[in-house]
Amino acid sequence: MKVKFADSFWQSLKDLNRHGTWWYKTYHLIRYNIPTFIKNVWKFRQELWEYTWWDYQFTMNFMRKGITDMAINIERSGLEVESSKIKKVNKMIRAAMIMNNILEDKYLEIAEKQLGLEYSTDWDIDEEGKLIFTDTPKQRKANRKIFLLSNKIQEEEWKELWEILKGQDHKEYQRLLKANKTTWDEWYDGSGMNHWWD
């Protein structure tokens, strides 16, 4: 059997060789890397402005922005098949929404809506300048319910966020596939940050 290489193979080798030269690297830096850097600085300007090292929230700001940008662009111009692309985009949007809830501390508000109650603390300052809470026992009971539910929702969403980023267990898919119980499209739910690319 005679093995032949197509012209495109030799062209690919020439391209790879050219990409290693100093002049091509300089061209690539000026043409692509510097404009991309400038666009990224503009895109992440608020996150860069607010960033400090002492709190996880500043890092999560970058993740939220990056995942949101990725979801928008994959949905708009991604090359993947529609069924799995939409699943990925939905998981990205959900992850960004959870990050938003965490960063903006929206859990009391969410719990209030679910319970149909309003969290409020009435207080006053006495003659000696001390703070006195004047809310009623009924209001304290409602506040407690709201507070407990908000903590529960926050814990559930925190776990959900990391499950989305971690993704599904592929060993489970292999077992189901061997037993002819599922297809990739039925099993895959779009989670797994390591699968979010185009």
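Values quoted throughout were computed directly from the atomic coordinates according to the rules given, and no laboratory measurement underlies them. For clarity, every value in this text was computed on a predicted model and none was experimentally measured. FYI the Cβ positions are ideal-geometry reconstructions off the backbone, even for glycines, and counts take in every protein chain you see.
Couple of notes before you dig in:
- Inter-centroid distance (Cα atoms) of segment 33-78 relative to segment 164-198, Å: 27
- Between the listed residues Gln46, Leu29, His19, the Cα displaced farthest toward the positive end of the dipole of segment 8-60, a dipole computed from Cβ unit charges relative to the Cα centre, is found at His19.
- The lysines whose alpha-carbon is closer than 29 Å to the alpha-carbon of Lys159, local same-chain residues fewer than 8 away aside, are Lys43, Lys65, Lys85, Lys87, Lys88, Lys91, Lys106, Lys113, Lys141, Lys145, Lys171, Lys181.
- Rounded FRET efficiency, nearest 0.05, which uses the C-beta distance separating Thr36 from Trp184 and R0 of 25 Å: 0.15
- Per-residue extension of 0.36 nm, minus the Cα-Cα distance of Lys14 and Trp123, leaves a gain of 31.6 nm for this segment.
- For Rg and Dmax of the Cα atoms in Å, the value computed from the atomic coordinates appears in the list (i) 26.1, 102; (ii) 15.8, 47; (iii) 60.0, 181 under label (i).
- GluC sites (Glu not before Pro) restricted to DSSP loop in segment 17-124 with at most 12 other C-beta within 10 Å: Glu104, Glu118
- Dipole magnitude for the chain: computed about the Cα centre from +1 point charges on Lys and Arg Cβ and -1 point charges on Asp and Glu Cβ, it is near 1460 debye.
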